[in-house]
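The values are calculated or read from the model by the stated rules, or taken from the named source; none is laboratory data. Not measured: the values here are computed from a predicted model. Here the Cβ positions follow ideal geometry from the backbone for every residue, glycine too, while neighbour counts run over all protein chains shown. Each accessible area value is taken on the protein alone, full model and side chains, heavy atoms only, with ligands, DNA and RNA left out. Shrake-Rupley method; radii C 1.70, N 1.55, O 1.52, S 1.80 Å.
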Amino acid sequence: MQSKRYAGNWNHYKIATAMKLTEKIINETASQNELLLFFLGQAGFLLKIDEGKLLAIDLYLSDAAERLFGFKRMIPAVVQPEDLNADVYLSTHSHVDHLDVDILPVVAKNDKTLFIGSPDCEAVYRQTGIVSDHYRVLGIGDTHELPGLQVRAVYADHGDLAPDAVGLLVETGGIKIYHAGDTAFAPEKISESLQTNIDVMIAPINGQFGNMNAREMCRLAEVLKPKILIACHFWMFLEHVGEGGCGDPAAFLQEAKSLPKSTTPIVPAPGEMLRYRKG
């Protein structure tokens, strides 16, 4: 329900909410061996690490999917793209809900931002006018290192929809974060590609368009054994909701009851901040 202050002006309400989140992103700090995760909807996350660095992953903040494909967004953007100020902008593949073409020109105005994406992202970077010094392309197995940060592309199977799609393994401060991007259930290949234990796992539950559903996501977690298991790819589009609990966070939590106690399942609300500390 809208507050009385913003009744009748939903756009103003969205901006005010985004301003509050932006302030939280700026003011909250991560200590050594600690990570802050902000869920921005769909598969999008902001990671704040030690020394205040901001990493963006698979952000979707515009209405590009509706403009291009008729997929209407069902929840408002919780932050404005001009307020991101990301040091690193990661994309698992070039689909518009993971590499938002409508916000990319805004983000690219920040000269400090380094874009890192799968091979199919390169054409989008070039079309946007991002020069080669400001982006890196990672195929499966490729690694890019920055001070205090390592990003490695790992196996993903998004079929013919995006044959160049990758998952991303981000390591910082001793914390390992696996963002699956869009992928079908392929536990052996994903585990072999990761070649490491992980602390935080982020993966889709929509069960549509070649992605895992909630049950498959939890079965993958049984293999990878993350400390924190975060569901994404829900609520944004009606087209991502299917039969049998596909795209339903409640179904994910029900499936997650079978996971070992060492894994904590989480359904984040858009704009919610999660704090994870190693150890």
### Task
Between beta-carbons, use under 9 Å as the cut-off and find the net charge around Thr92, counting Lys and Arg +1, Asp and Glu -1.
-2
### Query
Roughly speaking, to the nearest percent, how much of the chain's 1.4 Å accessible area is carbon and sulfur?
50
### Message
Under a crude label model (7 Å from the Cα following the beta-carbon direction), how far is Val223 from Gln208 in nanometres?
### Response
2.5
### Message
If packing is taken as the average number of other Cβ atoms within 10 Å across a peptide's residues, how do 23-36, 94-107 rank, most packed first?
### Response
94-107, 23-36
#### Entry: Peptides ranked, highest mean first, by Cβ atoms within 10 Å: ranges 126-133, 267-274
267-274, 126-133
#### Entry: Net charge of Cβ neighbours under 12 Å - reference Lys48; Lys, Arg +1; Asp, Glu -1
-2
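Report the gain in length on full extension from Gln80 to Glu51: 0.36 nm times residue separation, minus Cα-Cα distance, nm rounded to one decimal.
Extending this stretch completely gives an extra 8.2 nm.
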### Query
With labels modelled as points extended 7 Å from the Cα through the Cβ direction, what inter-label distance (nm, one decimal) is found for Gln195 paired with Glu239?
3.7
### Environment charge of Ser258, counting only residues whose C-beta is closer than 14 Å and scoring Lys/Arg +1, Asp/Glu -1
+2
### Message
Which one, Thr183, Leu35, Thr128, is farthest towards the positive end of the dipole of the chain when Lys and Arg carry +1 and Asp and Glu -1 on their Cβ?
### Response
Leu35
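Only Lys, Arg, Asp and Glu count, each charged at its Cβ (+1, +1, -1, -1), so figure out the dipole size of the chain about its Cα centre, rounded to 20 debye. Before the final figure, lay out the partial values.
Working: 26 positive and 35 negative charges, 205 e Å.
The dipole of the chain has a size of about 980 debye.
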### Task
With +1 on each Lys and Arg Cβ and -1 on each Asp and Glu Cβ, and nothing else charged, work out how big the dipole of segment 181-279 is about its Cα centre, in Debye to the nearest 20.
580
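How far, in nm, would the chain grow between Thr143 and Gln32 when pulled straight, counting 0.36 nm per residue and subtracting the alpha carbon separation?
Details: separation 111, 0.36 × 111 = 39.96 nm, distance 2.29 nm.
Gain on stretching Thr143 to Gln32: 37.7 nm.
Given N residues in segment 17-56, what is Rg(Cα) / (2.2 N^0.38 Å)?
On the way: Rg = 10.1 Å, N = 40, 2.2 N^0.38 = 8.9 Å.
Rounded to two decimals, the normalised Rg is 1.13.
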### Message
Checking the a/c ratio against 1.5 first, then a/b against b/c, what shape does the Cα gyration tensor give for segment 117-174?
### Response
oblate
### Message
Please check: in the Gaussian network model of the chain (C-alpha springs, under 10 Å), which one of Gly148, Gly210, Gly41 has the largest mean-square fluctuation.
### Response
Gly148
### Query
So which lysines pass the test for Lys24, namely a Cα distance under 17 Å, with those fewer than 8 places away in the same chain ruled out?
Lys14, Lys48, Lys53
### Query
Rounded, prolate or oblate: which one fits segment 172-266, using the alpha carbon gyration tensor with axes a ≥ b ≥ c (rounded when a/c is under 1.5, else prolate when a/b beats b/c, else oblate)?
prolate
### Task
Calculate the spin-label point distance for Arg275 paired with Asp102, positioning each point 7 Å from the Cα along the beta-carbon direction, and give it in nanometres.
3.5
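With a 1.4 Å probe and all protein chains left in place, how much accessible area per residue does the chain have, in Å²?
Values: 12500 Å² over 279 residues.
Here the residues of the chain average 45 Å² of exposed surface.
How large is the dipole of segment 85-149 about the Cα centre if only Lys and Arg carry +1 and Asp and Glu carry -1, each at its Cβ, rounded to the nearest 20 debye? Could the numbers behind the result be given before it?
Values: 4 positive and 10 negative charges, 28 e Å.
Result for segment 85-149 is approximately 140 debye, rounded to the nearest 20.
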